[in-house]
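Written out below as structure tokens is the structure these notes cover.
The values are calculated or read from the model by the stated rules, or taken from the named source; none is laboratory data. None of the values given here were measured: they were computed from a predicted structure. All Cβ positions, even for glycine, are placed from backbone atoms using ideal geometry, and neighbour counts span all protein chains on display.
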Amino acid sequence: MDSRRAFLKKTLISGTGMALSGSLMPQSLLAASSKKITILHTNDMHSRIEPFPDDGGTFANMGGMARRATLISEIRAKEPNVLLLDAGDIFQGTPYFNFYGGELEFKLMSKMKYDAATLGNHDFDNGMDGLLGQLPNASFNFISSNYDFSDTLLHNQFSAYKIFNKGGIKIGVFGLGIELEGLVAKENYGNTKYLDPIAVSREMVQQLKNKKCDLIICLSHLGYSYQSQKIDDRKLAAQVNGIDLIIGGHTHTFLDHPEEIINKDGHKTLINQVGWSGLKLGKIDFAFGKKNEISYANSEPLAII
């Protein structure tokens, strides 16, 4: 049995616009910074546990959670302050989900020590009871800010935001989901109420600023960009002041580097998304000045091969 299958078996048994282009500052200066945070992120994994088949296709023999776990471990061995996040649609896409109902996905993410994730529309594919039944397999935080679950089985199951302390930096994270009506069968989300993501984001930013967060991150499953008036990550960045990084999902968009949006108040928000099915791992490094102001951001999408 190879290491990949051993990793999967052990997990099941154990139960657990302007674009940024590379470095904005010499790596030597980044390395010398006394305060550096590394954000690793994924989105739209869609139950892709193993690599794509080695069949000559576009993504042949790429991806796979065991390889991702190895890469994450290598980064953590070099970087002391790492936050690992996911922007939703963990479920649905391979027979692993059909057979295990999300158990394997959550256990593997827990084994990789994810810090937080938000919910995508496909995470409701087995209904609220299916999602609720799998939550004990996740040792990481689920963050949902604009779904009101108060009249559902999922009441009090998720946090509106979470604050992490890494290397003397306070990082506030909140999460936004896409409107479920029209995407998800009504019986699968029941009385869940969808709240306006713009209004909710403004409230979350204010709360996190009141709690003295130095870096504010939105985990978004809204989608990167639409031609219509439908809210997306780009519109969110332009209309909400104070978000430093939007980690996106839903549209399966591969961005070579984060897009930088400067809103009317002059605040810069980075938007990043790394496609789908765990083909890439997003990596963004932030450095901070003496007063914990953001002084640098470096990005690198890492292929899982």
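What to note about this one:
- Conditions (1) surrounded by 19 or more Cβ atoms within 10 Å (Cβ to Cβ); (2) more than 13 Å from the chain's Cα centre (by Cα); (3) within 28 Å of Asn165 (Cβ to Cβ); (4) not acidic (Asp, Glu): number failed by Tyr114: (2)
- Lys211 falls short on exactly one of the conditions (1) of a type in the set (D, E, K, R); (2) closer than 17 Å to Thr38 by Cα; (3) at pLDDT 95 or above; (4) surrounded by fewer than 16 Cβ atoms within 10 Å (Cβ to Cβ), and that condition is (2).
- So Ser47, is it modelled with pLDDT of 50 or more, assigned to a loop (DSSP other than H, G, I, E, B) and crowded, with 17+ Cβ neighbours inside 10 Å: yes
- Test: residue in region 204-223 that is more than 30 Å from Ala66 (Cα to Cα) and out of contact with any strand residue (DSSP E or B) (no Cβ under 9 Å at 6 or more places or on another chain): yes
- Subset of region 283-305 [in a strand (DSSP E or B) and either polar (S, T, N, Q) or over 20 Å from Asp214 (Cβ atoms) (or both)]: Ser295, Asn298, Ser299, Glu300, Pro301, Leu302, Ala303
- Subset of region 140-153 [touching a helix residue (DSSP H, G or I) at 6+ places or on another chain (Cβ under 7 Å) and either over 17 Å from Leu219 (Cβ atoms) or crowded, with 22+ Cβ neighbours inside 10 Å (or both)]: Ser145, Asn146, Thr152, Leu153
- Search result, residues across region 290-305 that are more than 18 Å from the chain's Cα centre (by Cα) and of a type in the set (Gly, Ala, Ser): Ser295
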